[in-house]
Structure formats: C-alpha cells, structure tokens
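Single-structure report; data block below.
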Amino acid sequence: MADENSKIAGQIDDHQTDQGVSQDQDKVTERDGEIVDLRRQLNAKEEEAKNNYDRYIRQVADMDNFKKRTARDREESVRYANETLVKDLLPVIDNLERAIGHASSGGNGKLLVEGVDMVLKGFLDTLAKHGVKPVAAVGLAFDPAQHEALAQVESPEHSPNTVVEAHQRGYLMRDRLLRPALVTVSKASISQEKKNAETEVENDQADD
C-alpha cells in the first residue's frame, strides 16, 4: 500500500514537473514572440529614420541650390539692369554720329544744328520712356525741393520768388529727384520792398 502511494505521489510530481516545464516553455515562446515583434518595430523605426534623414538631406541640398540660383539671378539682374536703357540709347548715338559726320564733310551750320536738335529730342524721348523727365522751372514759384537757386535778380515782370531763368535742367525719375534745376530767382525791387513795408506799417496803424 505504501509502495502504491509512493508511486502515485511520484506520478503527481512528474505531472506537476511536466506542467511547470510546459508553462516555462510557453513563457519563453511568448517572450521570444515579443522580442521578435520589438525587433520588427525597431527595424521599421530605423527604416523610417533613414528615410527621414535622406529626405532631410535632399531638402537641404534643394534649399542650397535654390539660394545659389537666386543669388546668381540677382547678380545678373543687377549687372544687366540698364540693358534696356542702353539699347534704347544706341539709336541716339547713331544719330549723333551722323550729325558729326555731316558737319565734318562740310555741311552748313543750320543742318548741323537741326541734326543735333533732333538727337537731343530723341534722347529726351528715350529718357521719358524710362520714367525720366525734366523738372519744370521757368515761370514757376521757386521750389527748394526741385530747384537750386544760383542767384536772385530784380524783375518787375515777375512776382518775387519766381524762377526767371534755368541754367541747367533738373531731372526726375518718376517721383525721385535725380538732380535739381539750377535757376535764377526773382526778388522784389528796393522800391517795391519799401512800398510793401510802408503798406504793412499803415495796416498795423489801422488795426490799432
């Protein structure tokens, strides 16, 4: 009887041992599966990181190429900014050379003056095409923003502070002053100034 009990106990122990081994194997298998899954996820993340890095490198290269191309275009724009103006001035030079050639060949002075006048008109027309125009001066009130006074003269025909003569034209490029006009400005005569002063005194006395 004792032998049978001992045998049964041994079988139970073996069964429990087998169950323990089986459970340990299941745990190992489950852990191995988790490791495989983690490795798969890690590989996927490494591949994603590699793709992101490659994309970053390409974007940096594209940006660098864009900056170089922009700088090159800007440099060319500055270098050839006056190309259109120069092309438009070439016919003016041609006409001036013709006028000089005609004068050198013994043409009369009148034709030379007419030729030079035509060249000047063409030159001014070309400047106007590019937004450059002369500053209006003679007959207008003196404007320090556009005129530079070289002298003042008494002029009974003009009101004081009126431009009576332009010595050198001023020019505007659209709204920007390229250079002021050099002018002579009228001023009141001494007798007129004295008369104005007397009038002011009489007005002051009348107010009192």
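The values are calculated or read from the model by the stated rules, or taken from the named source; none is laboratory data. These figures come from a predicted structure and were not determined experimentally. Please note: Cβ atoms are built from the backbone with ideal geometry, for glycine as well, and neighbour counts cover all protein chains shown.
Results, tabulated for the structure shown:
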| quantity | calculated |
| --- | --- |
| Selected residue (only one of VAL92, VAL86, VAL60 is closer than 30 Å to VAL119 by Cβ and modelled with pLDDT of 80 or more) | VAL92 |
| VAL60 assigned to a helix (DSSP H, G or I) and either in contact with a helix residue (DSSP H, G or I) (Cβ under 8 Å, 6 or more places away or on another chain) or aromatic (Phe, Trp, Tyr) (or both) | no |
| Output for region 155-170, where each listed residue is closer than 18 Å to LEU124 by Cβ and crowded, with 17+ Cβ neighbours inside 10 Å | ALA166, GLY170 |
| Region 72-85 residues that are within 17 Å of HIS130 (Cα to Cα), paired with ones that are in a helix (DSSP H, G or I) and at pLDDT 75 or above (beta carbon under 9 Å, 6 or more apart) | LEU85/THR126; LEU85/LEU127; LEU85/LYS129 |
| Qualifying residues in region 130-185 (those that are basic (Lys, Arg) and assigned to a strand (DSSP E or B)) - the one nearest to the chain's Cα centre (by Cα) | ARG176 |
| So ASP54, is it assigned to a helix (DSSP H, G or I) and surrounded by 11 or more Cβ atoms within 10 Å (Cβ to Cβ) | no |
| Hits in region 172-191 - residues which are surrounded by 13 or more Cβ atoms within 10 Å (Cβ to Cβ) and polar (S, T, N, Q) | THR184, SER186, SER189 |
| Among the candidates VAL138, VAL78, residue that is surrounded by fewer than 14 Cβ atoms within 10 Å (Cβ to Cβ) and modelled with pLDDT of 90 or more | VAL138 |
